[in-house]
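Structure record follows, encoded as structure tokens.
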Amino acid sequence: LLGSYEDGALVYRGPVGTGFDGEDFDALSTEFKALTRKTPPFDGDLPSEADGANWVTPKLVAEVEYTEFTGEGRIRHGAYKGLREDKEATQVSARCEAATDREDESDQDIGGVRISSTGRLVYPDEKLTKGDVARYYEAVAERLLTHAADRPLSLLRAPDGLKGDSFFQKHAGKGFPDGVKSLPIREKDGETADYMYVTTAEGLLGAAQMGTLEFHIWGSRRDRIDKPDRMVFDLDPDEGLGWEAVRQAAEEVRAGLEACGLGSAPMLTGGKGVHVVVPLRRVAEWDTVKFFSQTFAHVLARRTPDRYTATMSKAKRKGRVFIDWLRNERGATAIAPWSLRARPGAAVAMPVTWDELAKTRGADAWTMTSAPDRLSGPCPLATVEARGITASVVEALEAFSAD
């Protein structure tokens, strides 16, 4: 039988009946003998399932896996995982989880997709739920899909919201909805693996049902997987740098690209930095795009070494903006335009115009609640003419390098 301390009182949380083996029973029996007491430690009446229990002083902390909390605030289908020695019993609360699941009165149909646990808090500080996440992706689906449809994806999933664990996933597992599709891709080692992609709003919502917050996309689409149609420079500032350093870096990347004959648009990442995105005609393969982006980034870093670096070394990034060109390798991904970010604030990766960038005060300026207001206007990325990395562009890069 479990309980949790809430405002100094021990609240009954129900029984756990599975997950134990013989060694667990022996270890728990030894611990319980030292804590035996005659009366229940809980305040108030207990359900009949507690009748006849042998009581102990509640000092042990158990880790338990469960499917949900009931309306009474008790765990359902609990399975024992072990004891935790890193926490005091009085410091362990289940109020948030229990309250959240009581809000989950029923599953909801959002955009034609069944979304479960819609009341579960995902962004606790903003009081935004799993249902809010799904409704956001329903609202922006058409715009997001112009950038993300038919591309291999990596999903950042946080099934329990920001308070729980998060992880990246690029191969669909069991239980994924039909809208999340699989695409076989040959990898560097010669093996073939199935990657995920979506083509419809149902696919985005199916991913949201699985706890997805962030969509990360390849730079190519599945019909011509080895011919990228976008190039990305991720401007990542050192912790000590302010927003103005990032904005200035983006403008200098823009100017350099124009000198090479390429147009671009900025995207606020929803974090600290900016992506300068270059739409491409699909004439060059990955090696050419990688060569161009690597050379371009190193030229800028060589010209202004006190402000920029093109290497990942943390020592060399001190006080500088890292011009990350590594997003332009086969298999690498970048955050999708209009994707949420899995961090407090519920910020969105948002394309903006160059004029807007000059007036923006940070990379997290747009959030889940404000982003849909931009749907009535054109996407800045759609206004940039896609050009190919041709021989003339490479020659322009050589001239730019020599300046």
Kindly check whether there is at least one residue in the range 327-345 that is more than 28 Å from residue 166 (Cβ to Cβ) and crowded, with 18+ Cβ neighbours inside 10 Å. no
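Only one residue in 172, 208 is open to solvent by less than 50 Å² (accessible area, probe 1.4 Å), among the aliphatic types (A, V, I, L, M) and at pLDDT below 95. Which one?
On the way: 208 fails: at pLDDT below 95.
The match here is 172.
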Counting only residues in the range 30-46 that are open to solvent by 100 Å² or more (accessible area, probe 1.4 Å) and basic (Lys, Arg), the one nearest to residue 7 (Cα to Cα) is identified as 38
Does at least one position in the range 66-74 carry a residue that is more than 13 Å from residue 94 (Cβ to Cβ) and in a loop (DSSP other than H, G, I, E, B)? yes
The correct count of residues that are open to solvent by less than 30 Å² (accessible area, probe 1.4 Å), more than 14 Å from residue 63 (Cα to Cα) and under 35 Å from the mean Cα position of the chain (by Cα) in the range 1-13 is 2
Exactly one of 313, 339 is of a type in the set (Ser, Thr, Tyr) and at pLDDT below 95, and that one is 313
So how many residues does the range 371-398 have that are without any contact (Cβ under 8 Å) to a residue 12 or more places away in the chain and either in a loop (DSSP other than H, G, I, E, B) or more than 27 Å from the chain's Cα centre (by Cα) (or both)? 5
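Within the range 272-290, is there a residue that is in a strand (DSSP E or B) and farther than 30 Å from residue 402 by Cβ? Quick ask: steps written out before the conclusion?
We begin by selecting, within the range 272-290, every residue in a strand (DSSP E or B); these are 274-280.
If we keep only those that are farther than 30 Å from residue 402 by Cβ too, we end up with none.
Scanning the range 272-290, I find no residue that is in a strand (DSSP E or B) and farther than 30 Å from residue 402 by Cβ, so the answer is no.
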Would you point out which residue out of 155, 162 is under 12 Å from the mean Cα position of the chain (by Cα), surrounded by 11 or more Cβ atoms within 10 Å (Cβ to Cβ), farther than 20 Å from residue 110 by Cβ and among the hydrophobic types (A, V, I, L, M, F, W, C)? 162
Taking residue 21 and the conditions (1) closer than 22 Å to residue 77 by Cα; (2) surrounded by 10 or more Cβ atoms within 10 Å (Cβ to Cβ), which numbered condition does it fall short on, given that it satisfies the others? (2)
Would you confirm whether or not the range 182-189 contains a residue that is open to solvent by less than 50 Å² (accessible area, probe 1.4 Å) and under 29 Å from residue 344 (Cα atoms)? no
So the check is Cβ under 9 Å with 6+ separation or different chains; which pairs have a first residue in the range 1-26 that's basic (Lys, Arg) and a second one that's in a loop (DSSP other than H, G, I, E, B)? 13/1; 13/73; 13/74; 13/78; 13/94
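The values are calculated or read from the model by the stated rules, or taken from the named source; none is laboratory data. Computed from a predicted model, the values in this text were never measured in an experiment. Neighbour counts are summed over all protein chains in view; Cβ atoms, including those assigned to glycine, are modelled from backbone coordinates with ideal geometry. These accessible areas exclude ligands, DNA and RNA; they are computed on the full protein's heavy atoms, side chains included. Shrake-Rupley method; radii C 1.70, N 1.55, O 1.52, S 1.80 Å.
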